[in-house]
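Participant: Below you will find the structure I want to go over with you.
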Amino acid sequence: MPLPLPPAAALPPDDAGAGAGAGPRAPLPRRRLLRAGGALALAGAAPAAFAQALDFRPSPRYPDPAVKVLDPSFARYRLFSASVEQLATGFRWAEGPVWFGDGRYLLFSDIPNNQIVRYDEATGAVGVFRHPSNHSNGLARDRQGRLLACEHLTRRVTRTEYDGSITVLADRFEGKRLNSPNDIVCRSDGSIWFTDPPFGIGGHYEGEKQASELPHAVYRIDPSGRLDRVLELPFPNGLAFTPDEQQLYLIGRTPQNSRILWRYEVTQGGRGLGSRTQVVEGGTTGALDGFRVDEDGNLWAGWGSTGAPDSNAEELDGVMVFNPAGKPIGHIRLPERCANLCFGGPKRNRLFMASSHSLYALYVETRGAV
């Protein structure tokens, strides 16, 4: 029988403008995955805003048949005795995970439920970190370890200070409101790069339906605070730097709605982007989404069905691994589409996969580049 857990104190929510968040909210319940009779049991009542839970049964066999070797070069990254694990479930659209090694926890967005969720690696506890989150999407850490968040509802990028207050880093460019910041990375020089497609203002499910005032673009926030538009691109999405930070990978779309992973040369001493090369074409059936780069330069990308009639979700959903040349070398099969992922754990060799209703993890024989 599930055991009740003590409530977790929620952090102050963001307000609609600049400055610190509003006053404290009532504590929200927290959930924990427990081993009970050899099966995963969910402990504690979930908030009513949570969605249906997905029943997942990991493979009892090693190596896990869900981890597919598409090219011999991927075999070195697959651990023989590691399986795909479901760490939590019951969300509506999990996105934007970020690892906090100093606290041994992971944060990720549950966009439609308007919350940031926290998974504690030491205890397995899962609870609400921030609600409301202004329909946050991509999350990251700056070089001082502070949380960065892309917010759909308020159309801004924020930073959470050490005392929990909120600082707005960007919400307008040349006097016009941003669209809906989507994904975000921080370079070693302290600059913050983010994509700004209109996904969060196209309807009421992941934000609020509003008019777009600016073209789809990629922006850079200088350590001085200056905001620059470095590139215009239709529907920019996930982005990540190569291990040496001399190139930037970026996902966009063609007029035919094909998702393309581009590699841009970083120019102007880290302040601009130059020539580009097409690395991966997802076509109209494969949905490239958020991704990360490992220390060998391989790309681990959220992958799944686009919803097109000829797009087979059962065959596609999961994580696709590409080498730097764009060749698919591995596929982690999941029962849900993976929207975004990150490396974490004490050795940075645990892949956390935010996938539709659930959070999954897999140990691999490589580490995240950053």
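Participant: Any idea which of Phe343, Phe291 is buried (at least 22 other Cβ atoms within 10 Å of the Cβ), farther than 25 Å from Ala217 by Cβ and either at pLDDT 95 or above or hydroxyl-bearing (Ser, Thr, Tyr) (or both)?
Facilitator: Details: Phe291 fails: farther than 25 Å from Ala217 by Cβ.
Result of the check over Phe343, Phe291: Phe343.
Participant: Got at least one residue in region 155-168 being hydrophobic (A, V, I, L, M, F, W, C), open to solvent by 10 Å² or more (accessible area, probe 1.4 Å) and either assigned to a strand (DSSP E or B) or modelled with pLDDT under 95 (or both)?
Facilitator: So the first thing to find is which residues in region 155-168 are hydrophobic (A, V, I, L, M, F, W, C), and the list is 157, 166, 168.
Add one more test, that the residue is open to solvent by 10 Å² or more (accessible area, probe 1.4 Å), and what stays is 168.
With the extra rule that they be either assigned to a strand (DSSP E or B) or modelled with pLDDT under 95 (or both), the set shrinks to 168.
Within region 155-168 (the criterion being hydrophobic (A, V, I, L, M, F, W, C), open to solvent by 10 Å² or more (accessible area, probe 1.4 Å) and either assigned to a strand (DSSP E or B) or modelled with pLDDT under 95 (or both)), the answer is yes, since at least one residue qualifies.
Participant: While we're here: Please count how many residues of region 120-154 are under 13 Å from Trp193 (Cα atoms) and either at pLDDT below 95 or touching a helix residue (DSSP H, G or I) at 6+ places or on another chain (Cβ under 9 Å) (or both).
Facilitator: Total meeting the criteria: 1.
Participant: Here's a follow-up. Return yes when Gly238 is touching a residue at least 40 places away in the same chain (Cβ under 8 Å), surrounded by fewer than 20 Cβ atoms within 10 Å (Cβ to Cβ) and not β-branched (Val, Ile, Thr) and no when it is not.
Facilitator: Considered against the rule, which asks whether it is touching a residue at least 40 places away in the same chain (Cβ under 8 Å), surrounded by fewer than 20 Cβ atoms within 10 Å (Cβ to Cβ) and not β-branched (Val, Ile, Thr), Gly238 comes out as no.
Participant: Residues in region 101-111: is at least one on the phi > 0 side of the Ramachandran plot, surrounded by fewer than 24 Cβ atoms within 10 Å (Cβ to Cβ) and basic (Lys, Arg)? Before the answer, list the steps.
Facilitator: Here is the first cut: in region 101-111, the ones on the phi > 0 side of the Ramachandran plot are 104.
Applying the additional criterion that residues be surrounded by fewer than 24 Cβ atoms within 10 Å (Cβ to Cβ) yields 104.
Now restrict to residues that are basic (Lys, Arg): 104.
The answer is yes; a qualifying residue exists.
Okay, residues lined up against (1) at positive phi; (2) among the polar types (S, T, N, Q); (3) in contact (Cβ under 8 Å) with a residue 40 or more places away in the chain:
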site: Gln256; (1), (2), (3): no, yes, no
site: Arg276; (1), (2), (3): no, no, no
site: Arg292; (1), (2), (3): no, no, yes
site: Glu295; (1), (2), (3): no, no, yes
site: Leu299; (1), (2), (3): no, no, yes
site: Ser305; (1), (2), (3): no, yes, no
site: Phe322; (1), (2), (3): no, no, yes
site: Cys342; (1), (2), (3): no, no, yes
site: Leu351; (1), (2), (3): no, no, yes
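Participant: Still on this structure, I have one more. I need the full set of residues from region 182-207 which are more than 20 Å from Gly252 (Cα to Cα) and either assigned to a strand (DSSP E or B) or in contact with a Leu (Cβ under 6 Å, 6 or more places away or on another chain) (or both), in order please.
Facilitator: Hit for region 182-207 is Gly207, nothing else.
Participant: Let me ask you something else. In region 120-154, which residue that is farther than 30 Å from Asp189 by Cβ and without any contact (Cβ under 8 Å) to a residue 40 or more places away in the chain is least open to solvent (accessible area, probe 1.4 Å)?
Facilitator: Asp120
Participant: Only one of Val69, Val117, Val84 is of a type in the set (Val, Ile, Thr), modelled with pLDDT of 95 or more and open to solvent by 10 Å² or more (accessible area, probe 1.4 Å). Can you tell me which?
Facilitator: None of the other options fit; the residue is Val69.
Participant: When only residues in region 336-370 that are hydroxyl-bearing (Ser, Thr, Tyr) and more than 14 Å from the chain's Cα centre (by Cα) count, which is nearest to Val321 (Cα to Cα)?
Facilitator: By that ranking, first place goes to Thr366.
Participant: For region 169-181: of the residues being assigned to a strand (DSSP E or B) and among the charged types (D, E, K, R), which is most open to solvent (accessible area, probe 1.4 Å)? First the steps, then the outcome.
Facilitator: Keep residues of region 169-181 that are assigned to a strand (DSSP E or B), which gives 169-170, 172-173, 176-177.
Still in the running and among the charged types (D, E, K, R): 172, 176-177.
Details: Arg172: 121, Lys176: 100, Arg177: 63 Å².
Selected residue: Arg172.
Participant: Quick one: which residue in Arg348, Arg337 is under 19 Å from Gly252 (Cα atoms), open to solvent by 20 Å² or more (accessible area, probe 1.4 Å) and at pLDDT 95 or above?
Facilitator: Selected residue: Arg337, the only one of Arg348, Arg337 that is under 19 Å from Gly252 (Cα atoms), open to solvent by 20 Å² or more (accessible area, probe 1.4 Å) and at pLDDT 95 or above.
Participant: Has region 197-215 got at least one residue that is farther than 20 Å from Trp93 by Cα and within 18 Å of the chain's Cα centre (by Cα)?
Facilitator: No.
Conditions tested, residue by residue: (1) assigned to a loop (DSSP other than H, G, I, E, B); (2) in contact with a helix residue (DSSP H, G or I) (Cβ under 8 Å, 6 or more places away or on another chain); (3) closer than 22 Å to Gly368 by Cβ.
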residue	(1), (2), (3)
Tyr249	no, no, yes
Pro255	yes, no, no
Arg263	no, no, yes
Val266	no, no, yes
Ser275	no, no, no
Gln278	no, no, no
Ala301	no, no, yes
Asp310	yes, no, no
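Participant: Basic (Lys, Arg) and out of contact with any Asp or Glu (no Cβ under 7 Å at 6 or more places or on another chain): does that describe Arg350?
Facilitator: Considered against the rule, which asks whether it is basic (Lys, Arg) and out of contact with any Asp or Glu (no Cβ under 7 Å at 6 or more places or on another chain), Arg350 comes out as yes.
Participant: Okay, next question. Quick check, is Val293 farther than 22 Å from Leu139 by Cβ and not in a loop (DSSP other than H, G, I, E, B)?
Facilitator: Considered against the rule, which asks whether it is farther than 22 Å from Leu139 by Cβ and not in a loop (DSSP other than H, G, I, E, B), Val293 comes out as no.
The values are calculated or read from the model by the stated rules, or taken from the named source; none is laboratory data. All values reported here derive from a predicted model rather than from experimental measurement. Positions of Cβ are backbone-derived with ideal geometry, glycine not excepted, and every protein chain shown enters the neighbour counts. Just so you know, the surface numbers come from the protein's heavy atoms only, side chains and all, with ligands and any DNA or RNA stripped out. Shrake-Rupley method; radii C 1.70, N 1.55, O 1.52, S 1.80 Å.
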